[in-house]
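Structure, as structure tokens:
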Amino acid sequence: MSAERVPDASPARPKRPLSVTLVALLALGVAVYSLTAGAFALEGGEADRRADGIFDLAFGLGVLVAAVGAFGLRSWAWTAFMTWAVIGLTLQLVRYFFFDDPDYAAMAINTFAVLAMSPLEVQVAFGLRHPRNVDLARPTRNPLDRD
Amino acid sequence: MSTSHDQRGIPSTATDLELLRAFEPVVRFTSGEQFFPMDVERYVHASGLWTYHPDSHDEEVIPEGELTLERLVEPRPAAFGSVFYLRFVAPMSLEANARALAALRRLRRSRRDIFRAGLGRLARGGLIPRLLDALFSATLLLRGRVPKATAAAAVLEYAAMQEREESYVYHGRVARHGGWTVCQYWLFFAYNNWRSGFHGVNDHESDWELASVYLYERDGRLVPEWVAFASHDFHGADLRRRWDDRSDLVLEGSHPVVHAGAGSHASYFAPGEYQAEVPLPIPQRVRDVLEMLQGFWRKTLGQVGARDNPFRVPFIDFARGDGLSIGPGQEREWTPNLIDETTPWVSAYRGLWGLYAQDPISGENAPGGPMYNRDGSPRPSWFDPLGFAGLDRVPPPPRELELLEAESAGLAARQEELEAVIDRESAVLQERGTRLESMEGNPHLARQHRQLAEQVTELAAKLKGLRRERSENEAVLESMSRRLERFRAGERDDTRAHIRNAATPVPAAEMRFGKAAELFAAASTSLLLLGVAALVLLASEDALAGVVVLLIVVVVGESVLRATFVRTVNRVAVILALVAAVILAVHFWKPLLLAGLLGLAIFLIAQRVRESRA
């Protein structure tokens, strides 16, 4: 038996931009990697690796929550990604400019996340900006507008 | 649309003084204001006349106590580059400075109407404007400026004058131009203490402000139509409000209400706190680069453009109207003083009305008189009171209908003329076109064909121009007809149709921040500098890296207090990502190029395969 669908009175949920899906998938990958690494580190039983393992587990869990939030277009997930990106990019740029020791993979992942999450359309989808206040239109190239 | 039925006016036979008194303004000051409109004669008696010579030395021409309005206007030849100026406060010794500052503190304590800026003054601007504000303050050490003790001495001197004989004076002038009768109310203040008294931009001895009422004649009466106030950063039509505009023009009977800025004395229609901005002189090249970057930010990166120009120093002009009120039926009444071009001190003294502080950007130099600018050139608000308020192209209402009818009739006649010309020219063009067509395929007529083709092209362009004119005229005529109908039905334009930029007080919600934000704003610049010093001292090798991290922490931390975290974190992240993207592109250009080429190749193959299947 299938329940009759009740028309939703609330405004339609915005469609998730492709870039957000990619970032969320990437974050899922990072989360799985961190959780696995953390679990292995703890299971190894070496005392000096325990702290690393706990950090990896906590980090992996955080990224997993943020990824799930991003799939659901939750505004806190956007804030979490961007805050983490600011911290990560600051760290990598300082390492690059002043210590000559950057982690290019982390730099690339954070750069991709920022460029994917920052456009206005994405912010609108996350409910951080009202579409009324945002001009998303591109100028027309209709030849009729030319004399 | 609104109509005005409350404009009774006064008989057009009224004398200038009666006219001025009928519409004299009510001026409401902010609590804590220390200077009020006064008679120039009292000020001149209390001042000395000085000359600044081109070789950079100042000379006292007439000492304080001996100067009169008659002596002020005596002709005095001087070399080019000389500046005559008054000194309300004579040069003071260090001891006199200290005494004046102490006496001012005592005077303030004894007064009840004290000024309080309120929370939020510092937190209104971001970190960059605050750093620029600090730099702006520092430039006062290099530029000529009025010393703080001078402001204190001026407050004491003016308070003593008022204690001897309290008076509140405006200098009124009636001018008649283009069918308008203009009542100008020139308000003279002994001192502008915006900077030293109210955290503003500048201080200078003496200050002139202007309120004007524009009247026209109807049925033997002069009826008020417009009111204009001198307001910072605005000019032309934006300075005036129509008499029946109740959105921000306040009237007390037939008297417009001016809300004067604390210390600055700038005039505003509505009470409130206004954000004045001092734009920094950025070179054009830098401006172009900034514009290009803003375009990249908005169009390429799809970001919201910056709401504020960061290269400006924000200041607040407090025009709360909660202090002394002067005018008919108020706590204090006016004493009018009639002036015109024949008043000697108005027309014959071209010097400054206070200290010449030798400030190259003039902010701290005293102003000239009502008729002249600082450099002695004529002041537009005096010689062109209509142009000053953007009224030079506006006829008085009774004449507007006549003019509109005449213009409309003229344009209709031109349309008829155009119709005839277009018909004639169109027929000629068709004849020529037909002849041209018949020449096609005859090589021996090549020369004639070329000449005729040129004529046809020329004629077609001319005809296109005529048709465009007819079409444009049609639209203009239509709008004129609509306007005529409205006028004949007794309707008027929207009261605010002429306003492009209106001075509006900043809403209280945007002006107030929490104590934490205010404290952080007050301390952040100094803390930042201390942090930089500590880094240089304790970790000199990594100081630069530390400064970058410190800056980001301060900017993001402040955004939390100012409730702008999302906007700030987005901006910071995008800037960092752009730098990182450039680094990645430089380091991995080869793999990136290969990946790009590979992607393009796959895309093209996919396209071709799709086309071949279709």
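Below, the figures for the structure above:
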read-out: Some residue of the stretch B:507-529 being in contact with a Gly (Cβ under 8 Å, 6 or more places away or on another chain) and of a type in the set (Lys, Arg); value: yes
read-out: Flag for B:Arg496 being within 30 Å of B:Ala276 (Cβ to Cβ), among the basic types (Lys, Arg), in contact with a strand residue (DSSP E or B) (Cβ under 9 Å, 6 or more places away or on another chain) and surrounded by fewer than 16 Cβ atoms within 10 Å (Cβ to Cβ); value: yes
read-out: Residues that are in a loop (DSSP other than H, G, I, E, B) and out of contact with any helix residue (DSSP H, G or I) (no Cβ under 6 Å at 6 or more places or on another chain), drawn from the stretch B:371-382; value: B:Asn373, B:Arg374, B:Asp375, B:Gly376, B:Ser377, B:Arg379
read-out: Scan of the stretch B:92-101 for residues that are farther than 17 Å from B:Asn193 by Cα and among the small types (Gly, Ala, Ser), ordered by number; value: B:Ser93, B:Ala96, B:Ala98
read-out: Tally of residues being modelled with pLDDT of 95 or more and among the hydroxyl-bearing types (Ser, Thr, Tyr) across the stretch B:53-65; value: 0
read-out: Of all residues in the stretch B:391-411 being of a type in the set (Gly, Ala, Ser) and loosely packed, with under 14 Cβ neighbours inside 10 Å, the one that is farthest from B:Ser471 (Cα to Cα); value: B:Ala406
read-out: Single residue of B:Glu469, B:Glu491, B:Glu405 found to be touching a residue at least 40 places away in the same chain (Cβ under 8 Å) and not in a helix (DSSP H, G or I); value: B:Glu491
read-out: Any hit, the stretch B:21-36, residues being touching a Phe, Trp or Tyr at 6+ places or on another chain (Cβ under 6 Å) and hydrophobic (A, V, I, L, M, F, W, C); value: yes
read-out: Residue in the stretch A:47-69 that is in contact (Cβ under 8 Å) with a residue 60 or more places away in the chain, within 12 Å of the chain's Cα centre (by Cα) and crowded, with 16+ Cβ neighbours inside 10 Å present; value: no
read-out: Qualifying residue in the stretch B:447-459 (condition: surrounded by 11 or more Cβ atoms within 10 Å (Cβ to Cβ), in contact with a helix residue (DSSP H, G or I) (Cβ under 9 Å, 6 or more places away or on another chain) and closer than 28 Å to B:Ala237 by Cα); value: no
read-out: Any helices (runs of 4 or more DSSP H) falling wholly within the stretch A:19-131 and containing at least 3 residues that are more than 9 Å from chain B (Cβ to nearest Cβ); value: A:47-71, A:75-94, A:104-117
read-out: Qualifying residue in the stretch B:60-68 (condition: outside any helix (DSSP H, G or I), in contact with a strand residue (DSSP E or B) (Cβ under 8 Å, 6 or more places away or on another chain) and closer than 30 Å to B:Asp219 by Cα); value: no
read-out: Of the criteria (1) surrounded by fewer than 11 Cβ atoms within 10 Å (Cβ to Cβ); (2) of a type outside the set (A, V, I, L, M, F, W, C); (3) over 28 Å from B:Asp238 (Cα atoms), which one B:Arg435 fails; value: (1)
read-out: Any chance B:Tyr170 is in contact with a His (Cβ under 8 Å, 6 or more places away or on another chain), at pLDDT 95 or above and of a type outside the set (A, V, I, L, M); value: no
read-out: Which numbered condition B:Arg500 misses (of (1) outside any loop (DSSP other than H, G, I, E, B); (2) within 36 Å of the chain's Cα centre (by Cα)); value: (1)
read-out: Lone qualifier among B:Val146, B:Val155, B:Val201 - being modelled with pLDDT under 95 and in contact with a Gly (Cβ under 7 Å, 6 or more places away or on another chain); value: B:Val201
read-out: Flag if A:Thr21 is touching a Leu at 6+ places or on another chain (Cβ under 7 Å) and modelled with pLDDT of 90 or more; value: no
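Let's see how each residue does on (1) more than 7 Å from chain A (Cβ to nearest Cβ); (2) surrounded by fewer than 17 Cβ atoms within 10 Å (Cβ to Cβ):
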{"residue": "B:Lys515", "(1), (2)": "yes, yes"}
{"residue": "B:Leu528", "(1), (2)": "yes, no"}
{"residue": "B:Ala534", "(1), (2)": "yes, yes"}
{"residue": "B:Leu544", "(1), (2)": "no, yes"}
{"residue": "B:Val554", "(1), (2)": "yes, no"}
{"residue": "B:Glu558", "(1), (2)": "yes, no"}
{"residue": "B:Phe565", "(1), (2)": "yes, no"}
{"residue": "B:Thr568", "(1), (2)": "yes, no"}
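For (1) modelled with pLDDT of 95 or more; (2) among the aromatic types (Phe, Trp, Tyr); (3) not in a loop (DSSP other than H, G, I, E, B), each residue gets a yes or a no:
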| position | (1), (2), (3) |
| --- | --- |
| B:Val289 | no, no, yes |
| B:Met292 | no, no, yes |
| B:Trp297 | no, yes, yes |
| B:Ala306 | no, no, no |
| B:Pro310 | no, no, no |
| B:Phe315 | no, yes, yes |
| B:Phe318 | no, yes, yes |
| B:Asp322 | no, no, no |
| B:Pro336 | yes, no, yes |
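The values are calculated or read from the model by the stated rules, or taken from the named source; none is laboratory data. The structure displayed is predicted, hence computed values, not measured ones. In this analysis, Cβ positions are derived from the backbone assuming ideal geometry, glycine residues included, and neighbour counts consider all displayed protein chains.
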